[in-house]
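**Q** Here it is, the structure in full.
The values are calculated or read from the model by the stated rules, or taken from the named source; none is laboratory data. Given the structure is predicted, the values throughout are model-derived calculations rather than measurements. For neighbour counting, all protein chains shown are included, and Cβ atoms are generated from backbone atoms with ideal geometry for every residue, glycine included.
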Amino acid sequence: MTRHGARSEGPPVLDDGVRLDPDHLPTGDDKRRAVRAMFDAIAPRYDLVNRLMTFGLDVRWRRRTVRSLALPPGSVVADLACGTGDFCRELARRGHVPVGFDLSVGMLRAARTDAPLVHADVLTLPVADGAVDGAVSGFALRNLVELPAFFDELARVVRPGGRIGLLEVAEPANRLVRRAHAVYFGRVVPRIGGLLSDATAYRYLPSSVSYLPSPETLLDQLAAAGFTEVERRLLPTGAAQLVTATRVRP
């Protein structure tokens, strides 16, 4: 595994030989182990690289996501795949009670939040049924092993009438903007990541978009899991999407 803060000359290698190779994307348990190793490696400079490669827009996107929950102050909200706690800080700023969950110990160690943090796989949360009023995730969907299982777990832990906000990358609708974005995300972002963190990890992140289903499939999967008022919005620039939904009431 790449040491924290070190640059990688090739795909990170786990103890069992699993590689995070952007040209041959892993699946199943191999993906889980590879993604965990990657985020452990890039945790020390994760926030810095995020701010630079999004020009600070990721902060605005998270604020909009939290507003979209439309939950009253004091609501308990799970930040799933919380990373360094960006969503936890924004949730607290809005008067909510955040709890963060992440598979990467490296990310949790690098977190900058006073919220309670739990080392856990978000596909099997150590949370009672209906225990939270809402849930958010930031750029995590494409890193999960199985989306329908994640949506089922969301439906289990979010109370009836609770809200979710899922922030993820997207392709701009405008053809010319989409081309420019593809060049930036596929070529410039890996260079930024390589200079400041781990080159292979930031080559993987653009490639990982291929894990995402079509928007229609994504919304259908959420509805099938037990959510209503399922909506998807492209955010300004079209480089990110926000999916919101309400847990079905009995």
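**Q** If I ask for residues that are in contact (Cβ under 8 Å) with a residue 60 or more places away in the chain and surrounded by fewer than 19 Cβ atoms within 10 Å (Cβ to Cβ), which ones from the stretch 209-226 would you list?
**A** Selection gives VAL209, SER210, TYR211, LEU212, PRO213, GLN221, ALA224, GLY226.
Condition check ((1) under 19 Å from VAL169 (Cβ atoms); (2) buried (at least 16 other Cβ atoms within 10 Å of the Cβ); (3) at pLDDT below 95) across all residues:
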position	(1), (2), (3)
SER197	yes, yes, yes
THR228	no, no, no
GLU231	yes, no, no
LEU242	yes, yes, no
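**Q** Now, a different point. Determine which member of the set ARG45, ARG51, ARG94 is modelled with pLDDT of 95 or more and surrounded by fewer than 23 Cβ atoms within 10 Å (Cβ to Cβ).
**A** ARG94 is the lone residue from the list that is modelled with pLDDT of 95 or more and surrounded by fewer than 23 Cβ atoms within 10 Å (Cβ to Cβ).
**Q** Can ASP40 be described as within 23 Å of ALA245 (Cβ to Cβ) and within 15 Å of the chain's Cα centre (by Cα)?
**A** No.
**Q** Would you be able to tell me the number of residues in the stretch 192-208 that are of a type in the set (A, V, I, L, M, F, W, C) and touching a residue at least 24 places away in the same chain (Cβ under 8 Å)?
**A** To start, the set of residues in the stretch 192-208 that are of a type in the set (A, V, I, L, M, F, W, C) comprises 192, 195-196, 199, 201, 205.
Filter once more, so that each one left must be touching a residue at least 24 places away in the same chain (Cβ under 8 Å): 192, 196, 199, 201.
Number satisfying all stated conditions: 4.
**Q** Can you give me the number of residues within the stretch 97-144 that are surrounded by fewer than 16 Cβ atoms within 10 Å (Cβ to Cβ) and either at positive phi or aromatic (Phe, Trp, Tyr) (or both)?
**A** 1
**Q** Another question, if that's okay. So which of GLY186, GLY138, GLY134 ends up being without any contact (Cβ under 8 Å) to a residue 24 or more places away in the chain and within 26 Å of ARG233 (Cβ to Cβ)?
**A** On inspection, the qualifying residue turns out to be GLY186.
A quick yes/no check of all residues on (1) within 17 Å of the chain's Cα centre (by Cα); (2) charged (D, E, K, R); (3) part of a helix (DSSP H, G or I):
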residue: PRO148; (1), (2), (3): yes, no, yes
residue: GLU153; (1), (2), (3): yes, yes, yes
residue: GLU171; (1), (2), (3): yes, yes, no
residue: PHE185; (1), (2), (3): yes, no, yes
residue: ARG203; (1), (2), (3): yes, yes, yes
residue: SER210; (1), (2), (3): yes, no, yes
residue: ASP220; (1), (2), (3): no, yes, yes
residue: ARG232; (1), (2), (3): yes, yes, no
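**Q** Identify the single condition in (1) in a loop (DSSP other than H, G, I, E, B); (2) touching a residue at least 12 places away in the same chain (Cβ under 8 Å); (3) more than 24 Å from PRO206 (Cα to Cα) that PRO72 does not satisfy, given that it satisfies every other one.
**A** So the condition that PRO72 fails would be (2).
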